Amino acid sequence: MAWRRGGRFEGRRLEIEWARLPYERWLRWGLGLFGAGVLFLFLPDRLLHLWVTWEWFRDLGYESILWTQWQARAALFGIGWGAALLFLGLNAFLAARAAGRSPRLWLGLAAAVGFLFGLALQGEWERVLLALNAESFGVRDPLFGLDVGWYVFRWPLWTSLQETAQWGLVPLAALFPLVLPVPRRWRWAHLSVLAALFFLLMAVGYRFDAYRLLYAERPVAFGAGYAEVHARLPVLNLLSGLMVLLAAGMLLNLRLRRPALLALGFGVWLALAFLGLEVYPGLIQALVVRPNELARESPYIAHSIAFTRGAYGLERFHEQVFSPREAPTPEEIRANAEILEGIRLWDYRPLLQTLQQLQSIRPYYVFVDVDVDRYRIDGTYRQVMLSVRELDLDALPPQARTWVNRHLVFTHGYGAVVVPVRAFTPEGLPVFLLKDIPPAGAIPLTRPQIYFGERTVDFALVNTAVPEFDYPRGEENVTTTYQGRTGVRLGGLARRALFALYFGDPNLILSGALTAESRILFWRDIRTRLRTLAPFLRFDPDPYAVILDGRIVWVADAYTWTDRYPYSQPHGDLNYIRNSVKAVIDAYDGTVTFYVVEDEPLIRAWRRIFPALWRDFSEMPEGLKAHLRYPEGLFRIQADVLRTYHVQDPRTFYNKEDVWAIPTEIFGSEPQPMEPYYVLTRVDPEGPVEFALIFPFTPSGRQNMIAWMAARSDPGRYGEVILYRLTKERLIFGPQQIEARIDQEPAISAQLTLWSQRGSQVIRGNLLVIPIGEAFLYVEPLYLLAEQGQIPELKQVIVATEQRVAMAPTLEQALAQAIGGAEVLGPSGPSAPPGGDVAALIREAYAHYQRAQEAIRRGDWAAYGAEIEALGRVLEALRQAAGGP
C-alpha cells in the first residue's frame, strides 16, 4: 500500500513538473493571446462591417440574400470547427491520457486549431451551396460517363474536403502522440491508426486524380488523351487500391508489429507512383502514340472539340458561306442607305476627348466612357453614341475640396450627351441629339442626376440641412434635394457614431448639418455595387448607360462561369461561360435588378439558393429590351476560342491547317489588334437592318480575310450568332491589307504627310468592315488634332473596296469616288443642320466651296465634282429655308 501511495505521489510530482515545462507555459500564453486577439481585434471590426453590410442590403431590399450567406457561413463555421475539434480533441485526449497528463490544455489547443478550420470552411460557402443545389448539364463525359454537373458542382467540394483532411487534420492529429511522452507501444498504435486513415484518404485522392485527367494540358488538344487513358488511368486505379491495402496493413500491423511488411508496401507504392505515373506514360507516348499520333489521338481530339464548343456556346452558331464580290454596286449602295446612314465615323476614343472639351461645362464634370447604342428618334431607327456626365470630386479647385462640399454639396453628376454615329459639322465636330446642362435635345431626360455611376467613389450625405448642388446656371447654382427610394438612414448619435467608426470620419458625428432624416449613400460605384450583391457572378468590364423613360440606367452583363467543364480548353481562368444575367442599376437611386436572360445549370442553381435576387426576363420593360446588346466581353472570348475551335474535323485540327487570327488595324499611327464593333447592318442579306456586333478573321500568318461573325442584339433574335465563312476560291482583302493600301495611295499618303508637317496630329480611327449587299465596304475616319489643340476634328473619311481607295471630306463623296464616281447617295441627313438653320447652311456651303478649290489644286476632279454637287444640295436647302420659289 505504501508503494502504491508512493507511486501516486511520484506520478503527481512528475505531472506538476511537466506542467511547469516552458513550452506548456508558452502554449497557455499563446492560447490566451489567441483568444484575446479574436475578441478584441478581429471581432469588433468584423461585427461593424457586418452591421454596415446588413444596413446596405436591407436598404436595397435584398436582406434575405445576405441572411442566406450568413446562415451558410455560420453553419459551415460550426461544422468545420466542431468536426476539427472532435477529431483533434479525440486524439489529444487519448494521447494525454496515455501520457498520464491532464488533457485540458491539449483540448484547448485542439479547439484553437479547430477554430481556424471553421474559418476556412465558412469561406467555402459558395462551393457548398452549389454542391447542395447541383443541376444536371445533360452531358456526360466520355471517359467516366458522369454528368458534367458532377465536375462543376460536387467534385470541387469533395476534393477540397479530402485535401483538407489528408494534409491538415491527420498530420496535426499525429503531433499529439509525437509531442506528448506516451508509451512507445501506445504511440505505435495511435500513429498506425492515423496512418491507416491517411492512406484511405490517399486512395480517395488518387480516384479524384483520375478525374483530373479530363483537364490535362496537352499540345495536341485539351483533356485526357491516349497516354492518359491507357497509362495514367490504370496506374491511378492501382495506386488507389494499393492505398486501401496499405491502410489495412497498418491496422493489421497493430497486432503483427512487423515494420518490414509496411516498408515493403511503402516501397511498392513509391516505385509504382514513380514508374507508373512518370516513366510508363512517357514510354506509351513515345513508343505507341507518337509513331501514329493522329490515329491514336483522333477520338480524344474529337472530345476536346465537342466539349470546348459546347462550353463556350460555339455549337449554337449558325454557319453560312459568303462569296463576296470585289465591290458593292451603286444599286446596292442605294438599296442599303439605312446601313450607310449608321456607319460609325466617330471613334469612341477621339470622341471622348472631344466631349470632354465641348460638353463637360465645368472642370468637375467628366465623361468616363462612350457607349454605342440605338434609339428610335422621330420614327427613325438610329445608331448613336452616348456618354454620361459624371462628377469628379478630385477636379474641384483645391480650396473647394472641403468635407461639406465633397459629401453634402457635390453629390452627383448631371445629364448625358448623345451623338449620331455619322454626323459631323463642317468644322469636324459632332452633331448633338442631346447636350448641355440642363439636357436639351431629341431624347427626353427628365431625371438627369447621377448619384451612382462608374466614377462615384465617395459616400454622399443627402437630405441634410445643406442644399445639394444640382447644376450650374450662369452665375448661380441650382440646388436640389435627393428624392430617391434608397439611402441608409443615419438616425441618432449612436448610429452616426458607428458609421463614423466604419468610414473613419468623425465629421459624421460632429457635423451640425446632419439630421435624423439624413441618409448616407455608399458603395455607389456600380461595379462595387454589383460585386457586393452577387460575388459569385463575373461582370463584363464595360457597363453601358441607357436613357429609359427619362431616367439614366446602367446595364451590366453578368456571366455564370466555371473552370471545371471536362475536356474544354481554358480561356484564362475559366473554361465555360454564359451571359445568363443582365443587371440594371438606376443611376439616380441605385436600385439594382437582376434579370435572368438565359436558362442554364449554374443560374438555375443560384436561383434556388437566392430566389429573391432574380427576376424573369419577361419582367424586363420592353423599352429596356430594345437596348440590350450582345456583350463585347463574351464576344471577344468566343472569337478567341473560335480561332482554333471552328475546326470540327480531328485531322484538320491536329494538322493546324486552318487556324485563324485576330486582324490588326491602325489607330492613331500605331497598329493594334482589331476590336469588335457594333453596327446597323443586315446580318441576313435578305433580312431587316438590325443592331449587331461584328468582327472579321484572317488566317494565321496571312492578312486576307477568311471569315466574319455577327451577334444579333435586337429583340426577337437576341443572342443569335452567325459565322460567315468566306469563299476560298479567291483572295479577299483583310483589314491589314486595306490599311496598307491606304498608306500606298499617293494622294492620301501625301495629304497625311502634309498635315503632319504642319504640326497637326493625324488620328486614324477604327477601320470598319461593313457587309453591303454581296460585298464588303471598308470605312476609316481621319481626325486632326492641332499642335496645341485639345479637340480632335473629323476631317476626312476613307472608303475602300477591293478595287479602289478614296478619301474625301464626307462619306458621300468618298463613296462616290470609290464606287466609280457616280452619285450613289442623297444628301446626308445626320450632318445637315437641324431646323433649317440658315447660318449653319451658309457655313456648310462655304466649306464645300473651299474643299472644291482644294480639289482643283490637287487635280482631283472626282472630288471637285462631288463637292460641287454637295454645294448644290446645300444651296437648295438655303433656298427652301429662305422660302424661295
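Any read-out appearing in this document is the output of simple, stated calculations on the displayed coordinates, not a laboratory observation. Here the structure is a predicted model, which is why all the values come from computation and not from measurement. Positions of Cβ are generated from backbone atoms using ideal geometry, with glycine treated the same way; all protein chains shown enter the neighbour counts.
How far apart, in nm, are two points set 7 Å out from the Cα along the Cα-to-Cβ line at GLN788 and at GLN850?
Between GLN788 and GLN850, the label points sit 2.0 nm apart.
Using the Cα centre of the range 435-535 as origin and beta-carbon charges of +1 (Lys, Arg) and -1 (Asp, Glu), tell me which of LEU493, PRO444, ASN463 is placed farthest towards the positive end of the dipole.
In the range 435-535, that residue is LEU493.
Near LYS625, which lysines are there with a Cα under 16 Å away, not counting those fewer than 8 places off in the same chain?
Qualifying lysines at Cα under 16 Å: LYS582.
Among 417-424, 750-757, what's the highest-first ranking by average C-beta atoms within 10 angstrom per residue?
So the order, starting with the most tightly packed, is 417-424, 750-757.
Take the alpha carbon atoms of the range 590-715, find their radius of gyration, then divide it by 2.2 N^0.38 Å using N residues; give the quotient.
In units of the 2.2 N^0.38 Å rule of thumb, it is 1.36.
Would you mind ranking ARG725, ARG851 by Cβ crowding within 10 Å, fewest neighbours first? Please report the intermediate quantities before stating the final value.
On the way: ARG725 16, ARG851 22.
Fewest-to-most Cβ neighbours within 10 Å comes out as ARG725, ARG851.
Run through the range 222-306 and list the trypsin sites (Lys or Arg not before Pro) located in a DSSP loop whose Cβ has at most 15 other Cβ atoms within 10 Å.
Loop-located and lightly packed - ARG257.
Which stretch or stretches of the range 337-359 have amide N atoms under 15 Å from the point lying 7 Å from LEU429's Cα along the Cα→Cβ direction?
Label zone hits: 351-359.
Ratio of alpha-carbon Rg to the 2.2 N^0.38 Å globular estimate for the chain, to two decimals, please.
So the Cα radius of gyration is 1.22 times the expected 2.2 N^0.38 Å.
May I ask you to list the residues of the range 125-140 whose amide nitrogen lies under 19 Å from a point 7 Å from Cα along the Cα→beta-carbon direction of GLN648?
139-140
Taking the simple approach of a point 7 Å from Cα along Cα-to-Cβ for both LEU43 and ASN237, what is their distance in nm?
With each label point 7 Å from Cα toward Cβ, the separation is 5.4 nm.
Hey, fewest Cβ within 10 Å first, where do VAL721, VAL321 land in order?
VAL321, VAL721
Charges on Cβ only, +1 for Lys and Arg, -1 for Asp and Glu, centred on the Cα centroid of the chain; of GLN162, SER749, ASN133, which one is farthest towards the dipole's positive end?
Checking the options against the dipole of the chain, the answer is GLN162.
Only sites in a loop by DSSP and with at most 11 other Cβ atoms within 10 Å count here; which GluC sites (Glu not before Pro) in the range 704-769 make the cut?
Those satisfying the criteria are GLU729.
Can you give me the long-range amide H partners of ALA416? Hydrogens built in the peptide plane at 1.01 Å from N, cutoff under 5 Å, separation of 5 or more residues or another chain.
For ALA416, whose amide H was placed from the backbone, the distant partners under 5 Å are ARG389.
May I ask you to derive the FRET efficiency for TRP158 and VAL478 from their Cβ-Cβ distance with R0 = 56 Å, giving the value to the nearest 0.05?
0.35
As a check on your grasp of the helix formula, calculate [θ] at 222 nm for the chain: sum -39500 (n - 2.57) over DSSP H runs of n ≥ 4, divide by the residue count, round to the nearest 500.
Numbers: 28 runs with 378 residues, N = 885.
Using -39500 (n - 2.57) per qualifying helix, the result is -13500 deg cm²/dmol.
Between ALA295 and THR532, how many nm apart are label points set 7 Å from Cα along the C-beta direction?
According to this spin-label approximation, the distance is 6.4 nm.
If R0 is 25 Å, what FRET efficiency do you get for ARG58 and PHE503 from their C-beta distance, rounded to 0.05?
Between ARG58 and PHE503 the formula returns 0.85.
Taking the number of other C-beta atoms within 10 Å as the exposure measure, put LEU272, LEU242 in order starting with the fewest. The partial results should precede the final answer.
Numbers: LEU272 15, LEU242 19.
With the fewest neighbours first, LEU272, LEU242 line up as LEU272, LEU242.
Using DSSP to call loops (not H, G, I, E or B), can you name the trypsin sites (Lys or Arg not before Pro) in the range 736-794 whose Cβ has at most 13 other Cβ atoms within 10 angstrom?
Hits after loop and neighbour filter: ARG758.
I'd like to know which of SER580, VAL546, LEU533 lies farthest towards the positive end of the charge dipole of the range 525-628, counting +1 on Cβ of Lys and Arg and -1 on Cβ of Asp and Glu.
Of the listed residues, the answer is LEU533.
Could you give the length gained by full extension between LEU731 and LEU272, i.e. 0.36 nm per residue of separation minus their alpha carbon distance, to one decimal place?
Answer, rounded to one decimal: 159.6 nm.
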